[in-house]
Amino acid sequence: MSTVTYVILGILAVLVAWVVASYNGFVRLVNRAKEAWADIDVQLKRRYDLIPNLVNTVKGYATHESAAFEKVSEARARAMGAGNLHDKSQAENMLTGALKSIFAIAEAYPDLKANQNFLELQRELSDTENKIQAARRFYNTNVRDLNTKVESFPANVIAGMFNFAKMELFELGEGEAAAKEPAEVKF
């Protein structure tokens, strides 16, 4: 075999190794983003589980505020049933607003604010909100890395060949400024 043949085989081997490494890099980024979304999902489910207890605790003190309780229940159901990421973001924003109304109601009831069960639920919800924000940042970082690689040359060639696509960021709040502020659940 001639030297030219060895050079061509060497170039092909390097090209194949690069394609394999790029493909595996995309797989790794997609899996990280999926794992990060699972973290968000766990925290959102925890939040959904806390809300009925919170509503029932507040109901015991403020039975005449049924419209606010219905709004929270409706927002919770909508958030739990949201299908895509955009709908999930909007539903979570509605739920955060509805929760704020519950805490505003609680302001008017000093006995409720002193209730140990309410205080514990408030603490758990605040902790959950912080975990949601941390999980959201982790997810968005992984999605940003994937999206950058999907758009960058020459990796975009591999992305196109193997149908790797950009993923949507998960943003909460009305605009990015609101997304950086967790729901206020403290008095």
> When the distances between all Cα atoms of the chain are binned every 5 Å from zero, what whole-number percent does each bin get?
Replying inline: 1, 7, 13, 15, 13, 10, 9, 7, 5, 5, 4, 3, 2, 2, 1, 1, 1, 0, 0
> Once you have the alpha carbon radius of gyration of region 1-88, what is it after dividing by 2.2 N^0.38 Å, with N set to its residue count?
Replying inline: 2.23
> In whole angstrom, how far apart do the alpha carbon centroids of region 42-113 and region 131-159 sit?
Replying inline: 31
> Sequence-distant or interchain residues sharing an amide H contact under 5 Å with Ala62, placed H: which?
Replying inline: none
>> In region 14-108, if the dipole is taken from +1 on Lys/Arg beta carbons and -1 on Asp/Glu beta carbons about the Cα centre, which of Gln90, Ser66, Ala104 is farthest to the positive end?
In response: Gln90
>> What do you get for the angle between helix 66-81 and the principal long axis of the chain? Use alpha-carbon atoms, 0 to 90 degrees, nearest ten.
In response: 20
>> From the phi angles alone, apply the Karplus equation (6.51, -1.76, 1.60; θ = phi - 60°) to region 13-28 and give each ³J(HN,Hα) in whole Hz, x where the residue is Gly or Pro.
In response: 5, 5, 4, 4, 4, 5, 4, 5, 5, 5, 4, 5, x, 5, 4, 4
>> Taking θ = phi - 60°, what integer Hz values does the Karplus form 6.51 cos²θ - 1.76 cosθ + 1.60 yield along region 37-43, in sequence order, with x for Gly and Pro?
In response: 5, 4, 4, 4, 4, 4, 5
> Which length gain, in nm to one decimal place, applies between Ser2 and Ala134 when the Cα-Cα distance is subtracted from 0.36 nm times their residue separation?
Replying inline: 41.7 nm
>> What does the net charge come to around Leu112 if you take all other residues with beta carbon closer than 12 Å to its beta carbon, with K and R at +1 and D and E at -1?
In response: -1
> So what is the relative contact order for the chain, in percent, with contacts set as C-alpha pairs under 8 Å and at least six apart?
Replying inline: 31
>> Taking the Cα of Val157, stepping 7 Å toward and past its beta carbon, and measuring to each backbone N in region 14-56: which are under 16 Å?
In response: 14-24
> Where does each of His64, His86 land when they are ranked from fewest to most other beta-carbon atoms within 10 angstrom?
Replying inline: His64, His86
> Along the positive direction of the dipole of the chain (beta-carbon charges: Lys, Arg +1; Asp, Glu -1; about the Cα centre), which of Val7, Val27, Gly160 reaches farthest?
Replying inline: Val7
> So, how do all the Cα-to-Cα distances of region 84-164 break down into 5 Å bins, in percent, from 0 on up?
Replying inline: 3, 12, 12, 17, 13, 11, 9, 7, 5, 4, 4, 3, 1
> Among Lys45, Lys113, what is the fewest-to-most ranking by other Cβ atoms within 10 Å?
Replying inline: Lys45, Lys113
> What spacing in nm lies between the two simple spin-label points modelled at Ser126 and Lys166, each 7 Å away from Cα in the Cβ direction?
Replying inline: 3.9
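FYI, it's all coordinate maths here, none of it is from the lab. In this text the structure is predicted, and so the values were computed from the model without any measurement. Positions of Cβ are generated from backbone atoms using ideal geometry, with glycine treated the same way; all protein chains shown enter the neighbour counts.
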